[in-house]
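Just so you know, all these numbers are worked out from the coordinates, no wet-lab data involved. It should be emphasised that the depicted structure is a prediction, and the values quoted were computed from it without experimental measurement. When we count neighbours, we look across all protein chains shown, and the Cβ atoms used for this are built from the backbone with ideal geometry, even at glycine.
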Amino acid sequence: MLNLGRSRTQPRSNRSMSFGGMDYPDPKKKSNFVGRIIWVAAFIVIFIMVLKLSTNFNSACPFSHHEPGVMHVLVTGGAGYIGSHATLRLLKDSYRVTIVDNLSRGNLGAVKVLQALFPEAGRLQFIYADLGDAKSVNKIFSENSFDAVMHFAAVAYVGESTLDPLKYYRNITSNTLAVLEAMATYGVKTLIYSSTCATYGEPEKMPITEETLQVPINPYGKAKKMAEDIILDFSKKSDMAVMILRYFNVIGSDPEGRLGEAPRPELREHGRISGACFDAARTIIPGLKVRGSDYDTPDGTCIRDYIDVTDLVDAHVKALEKAEPRKVGIYNIGTGKGRSVKEFVEACKKATGVDIKVDYLPRRPGDYARVYSDPSKIRQELNWTAQYTDLEESLQIAWRWQKSHLYGYGTPLAVSY
Ligand SMILES: O=c1ccn([C@@H]2O[C@H](COP(=O)(O)OP(=O)(O)O[C@H]3OC[C@@H](O)[C@H](O)[C@H]3O)[C@@H](O)[C@H]2O)c(=O)[nH]1
């Protein structure tokens with residue numbers, strides 16, 4: 001047996017030998033000394049292991065102890081505009097949430113707002129990670145027990161997708177694959193997927209139903225359609241519950257003013273109409289550039305169906321509640337009403353009280369003249385209808401946040417979390 005220290009019965013006088021007044025190390029003492037070193041080293045190793053385990057439990061993995069009745073939802077892209085609003089709603093509804101975000105488009109500030117609102121241990125976990133990094137994704141799924149995934153994380157600008165198509169195809173399809181592979185490996189059975197009206201392209205017949213043929217005309221819409229196809233093919237081979245939600249044009253922000261839309265300033269030229277109108281109203285940019293006024297529409301500008309983000313996240317929760325194994329639900333999320341860019345700008349002028357300067361430019365590549373939804377399927381099957389149908393009201397709510405957050409969330413790239 002390994003002697004790890006001095007025996008209690010060993011006499012002290014035996015611990016060293018003395019020759020000619022000089023102390024020489026006693027061989028027995030030497031072996032005791034080595035034993036002690038081993039003992040201390042073993043203790044340190046055990047201590048570090050325990051410390052590491054408890055640290056993992058508290059920070060990286062606070063939800064390992066699965067509480068019955070409380071669903072744990074993985075929200076990819078939860079630091080982004082829609083993902084952060086969805087997280088807020090899930091937390092309000094008592095779900096547990098883990099956000100995974102690489103902060104390439106999202107804001108750490110949004111996560112911090114959510115953490116401040118829900119500081120209790122085990123409610124909200126933030127993991128800074130890229131879904132393109134298979135090792136990280138595997139670690140996240142292996143250390144947590146998710147009941148469902150809401151997959152928002154994606155690049156999402158139509159104009160940018162025409163300039164950098166490969167980025168869009170890679171980001172949208174490979175992230176979706178990574179999520180599905182991890183779900184399959186770790187037995188996570190429910191997926192709510194963020195899709196888009198851009199998958200329909202420009203159908204002749206309006207409004208757009210879920211049966212309308214999908215013929216996307218820009219890389220963003222095409223990549224989202226590919227991701228839908230991947231999900232649908234995989235779902236046939238599994239017992240997953242899948243909900244694919246095709247959003248129309250999302251606007252607005254949290255009515256209580258806690259979250260808002262804060263796109264990257266460096267991506268402003270690709271930005272969406274709502275952000276551009278607010279930037280013009282705050283004179284951050286000299287004026288709004290309306291891209292195309294010669295479309296075959298009543299006033300020559302594009303027609304879109306603007307859906308409030310509060311309604312949109314409500315649709316996500318309803319989809320989550322109604323998701324059933326071995327079933328795929330596909331739903332349009334819109335108001336059913338089309339509004340032109342000119343009408344949008346007028347509503348924005350009223351909501352902000354600013355006479356926004358407008359310049360008319362040529363068409364933006366990848367744009368389609370008119371899209372608006374038929375939302376009756378989701379009304380009938382999930383009992384969901386848009387509550388915010390007054391465009392000006394949604395813009396007023398968003399404007400309150402914009403006015404009080406001139407620099408968005410402040411430090412969007414603060415990744416030293
Ligand atoms: O600065 C701008 C921005 C946008 N626009 C116009 O406003 C209309 C709406 O454009 P947006 O960029 O806001 O939105 P899009 O319709 O292109 O796509 C949007 O809706 C579907 C979602 O899935 C996409 O992620 C989202 O970008 C287009 O006609 C566009 O050309 C401008 O005239 N000026």
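Extension gain, Q115-E269: 0.36 nm per intervening residue step, less the Cα-Cα distance, totals 52.3 nm.
A simple spin-label model places pseudo-atoms 7 Å from Cα toward Cβ; at V354 and S238 they are separated by 4.5 nm. The phi-based Karplus calculation (6.51 cos²θ - 1.76 cosθ + 1.60; θ = phi - 60°) puts the 3J(HN,Hα) values of the stretch 180-190 at 5, 4, 5, 4, 5, 5, 9, x, 8, 9, 10 Hz, whole numbers, x for Gly and Pro. Fewest neighbouring Cβ atoms within 10 Å first, the residues I333, I356, I82, I284 line up as I284, I356, I82, I333. Around the Cα centre of the stretch 281-417, unit charges on the Cβ atoms of Lys, Arg, Asp and Glu (plus for the first two, minus for the last two) sum to a dipole of about 300 debye. In the stretch 207-251, which residues have a backbone nitrogen under 18 Å from the label point lying 7 Å from K327's Cα in the Cα-to-Cβ direction? From the stretch 207-251, the list is 210-211, 232, 235-246. Close amide H partners of A241, meaning residues 5 or more places away or on another chain with modelled amide H under 5 Å apart, are T190, L191, R326. The lysines within cross-link reach of K135, meaning a Cα-to-Cα straight distance under 27 Å and a gap of 8 or more places when in the same chain, are K52, K112, K167, K189, K224, K225, K236, K237. A simple rule links phi to the HN-Hα coupling: the Karplus curve 6.51 cos²θ - 1.76 cosθ + 1.60 with θ = phi - 60°, which for the stretch 248-264 gives 8, 8, 8, 9, x, 7, 3, x, 8, x, 8, 10, x, 9, 10, x, 5 Hz, with x for Gly and Pro. Within the shell defined by Cβ-Cβ distances under 14 Å, the residues around V158 carry a net charge of +4, with Lys and Arg each +1 and Asp and Glu each -1.
In terms of other Cβ atoms within 10 Å, V354, V317 run from fewest to most in the order V354, V317.
Can you put L361, L180 in order, fewest other beta carbons within 10 Å first?
On the way: L361 11, L180 24.
Neighbour counts put them in this order, fewest first: L361, L180.
In this structure, the amide hydrogen of I333, modeled 1.01 Å from its nitrogen in the peptide plane, lies closer than 5 angstrom to those of R246, Y247, F248, counting only residues at least 5 positions away or on a different chain.
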